[in-house]
Amino acid sequence: MGSASDYDIMSAAIKVLEDFGVEYEKKVISAHRTPDLMCEYAKSAKERGIGAIIAGAGGAAHVAGVVAAMTTVPVIGVPIQTKALGGMDSLLSIVQMPGGIPVATMAINGAKNAGLFAVQILALTDKALEEKLTAFRKEQTQKVLDTEI
Ligand code: RP5
């Protein structure tokens, strides 16, 4: 995430990864405050065995796009809601990637889905994780079917 101030929102992604037993690392890396660290992180991600990168940022929100430019590891962007523009700034910054460098952009504050999307990517090559994902979906469906109002 671009700032520690993003953590409250981004913790929803962490919860998903923990629930699914997925190994993860959490870091604050700012595109404008720590650009060298961001380059180092993105360029070494693949060789360090990272299977997906979730990048949350607000405002000018360039973390996701710049990281995506430096790695072929799939990048999932989470636009963080902002005080000034409600997160529309973050959303448009992340979603409007020019052709060639994609970022899978979630909803504003959509960190939970970012976690799930990362799980879906990793589950393509991990049978045990795929089984957990299928069980999660069944349980989610059942909860709706069991709802009485
Ligand atoms: C972005 O600026 C961060 O991702 C954060 O959402 C926003 C504000 O950062 P702070 O000023 O709270 O560190 O870089």
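The values are calculated or read from the model by the stated rules, or taken from the named source; none is laboratory data. Bear in mind the structure is a predicted one, so any value in this text is a computation, not a measurement. Counting neighbours? That spans all protein chains shown, and the Cβs are built from the backbone with ideal geometry, glycine included. In case anyone asks, the SASA skips ligands and DNA or RNA and just uses the protein heavy atoms, side chains included. Shrake-Rupley method; radii C 1.70, N 1.55, O 1.52, S 1.80 Å.
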Would you pick out the residues in region 79-91 that are assigned to a loop (DSSP other than H, G, I, E, B) and surrounded by fewer than 19 Cβ atoms within 10 Å (Cβ to Cβ)? GLN81, THR82, LYS83, ALA84, LEU85, GLY86
With the checklist (1) within 16 Å of the ligand (Cβ to nearest atom); (2) open to solvent by 40 Å² or more (accessible area, probe 1.4 Å) in hand, flag the one item ASP6 doesn't pass. (2)
Just the residues that are of a type in the set (Val, Ile, Thr) and within 16 Å of the ligand (Cβ to nearest atom), please, taken from region 15-62. VAL28, ILE29, THR34, ILE53, ILE54
Return yes or no: is THR71 more than 11 Å from the ligand (Cβ to nearest atom) and either open to solvent by less than 60 Å² (accessible area, probe 1.4 Å) or in contact with a Ser or Thr (Cβ under 6 Å, 6 or more places away or on another chain) (or both)? yes
Pick from ILE94, ILE108, ILE121, ILE76: which is surrounded by 15 or more Cβ atoms within 10 Å (Cβ to Cβ), touching a Pro at 6+ places or on another chain (Cβ under 7 Å) and not in a helix (DSSP H, G or I)? ILE108
For the structure I just gave you, tell me whether ALA111 is modelled with pLDDT of 95 or more, under 23 Å from ASP126 (Cβ atoms) and within 11 Å of the ligand (Cβ to nearest atom). no
Restricted to region 26-67 and to residues being of a type in the set (Ser, Thr, Tyr) and assigned to a loop (DSSP other than H, G, I, E, B), the residue least open to solvent (accessible area, probe 1.4 Å) is SER30
Contact list, first residue from region 81-108 and modelled with pLDDT of 95 or more and away from the ligand (no atom under 12 Å from the Cβ), second anywhere and among the β-branched types (Val, Ile, Thr) and assigned to a strand (DSSP E or B), beta-carbon distance below 6 Å, six or more apart or interchain, is VAL95/THR105; VAL103/VAL75; ALA104/ILE76; MET106/VAL78
